[in-house]
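Encoded as structure tokens, the structure appears first; notes follow it.
Since every read-out is calculated from the coordinates, none of them should be taken as a lab result. Keep in mind that this is a model prediction, so the values were computed, not measured. Backbone-built Cβ (ideal geometry, glycine too); neighbour counts: all protein chains shown.
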Amino acid sequence: MSIEIKILGAQCNKCNKLERITNEVITDNSFDAKVEKIEDLSQIMSYGFLYLPALVINKKVIFKGIVPTKKEIQDALNSINK
């Protein structure tokens, strides 16, 4: 089952860091996942908040306003992948 991941955020350092470590976690753990970065403000606002960056997994907001650790992202993906 492929996991759908969206990174919500612009080209700021935190947003870029979240995208980078999310991709590292996916690669390191061989997750079947597709990552899409959403920078369009109207699309971001459709989630009902403006706390950026945010990580959305399978249409559910998992983290917002923070850059989680690799372990936190891995744990979130493992719980989805069960």
Rounded to 10°, Cα long-axis angle of helix 70-80 versus longest principal axis of the chain | 70
Measure of compaction for the chain (Cα Rg per 2.2 N^0.38 Å) = 0.99
Where in the stretch 26-77 are there GluC sites (Glu not before Pro) that are in a DSSP coil and have at most 13 other Cβ atoms within 10 angstrom of their Cβ?
-> GLU39
Full extension from ASP75 to LEU50: what is 0.36 nm times the residue separation minus their Cα-Cα distance, to one decimal in nm?
-> 6.6 nm
Amide H within-cut-off set for ILE38, under 5 Å, with H built and near neighbours excluded = ILE7, LEU8, GLY9
Select from the stretch 6-82 those chymotrypsin sites (Phe, Trp or Tyr not before Pro) which occupy a DSSP coil region and have at most 15 other Cβ atoms within 10 Å, ordered by residue number.
-> PHE49, TYR51
Measure nothing fancy, just the Cα-based angle from helix 13-29's long axis to the longest principal axis of the chain, in degrees from 0 to 90, nearest 10.
-> 20
Computed magnitude of the charge dipole of the chain (debye, nearest 20; Cβ of K, R +1, Cβ of D, E -1) = 180
Rounded to whole Hz and in sequence order, give me ³J(HN,Hα) for the stretch 45-61 from the Karplus expression 6.51 cos²θ - 1.76 cosθ + 1.60, θ = phi - 60°, writing x for Gly and Pro.
-> 5, 5, 7, x, 7, 10, 7, 10, x, 9, 10, 10, 10, 6, 6, 10, 6
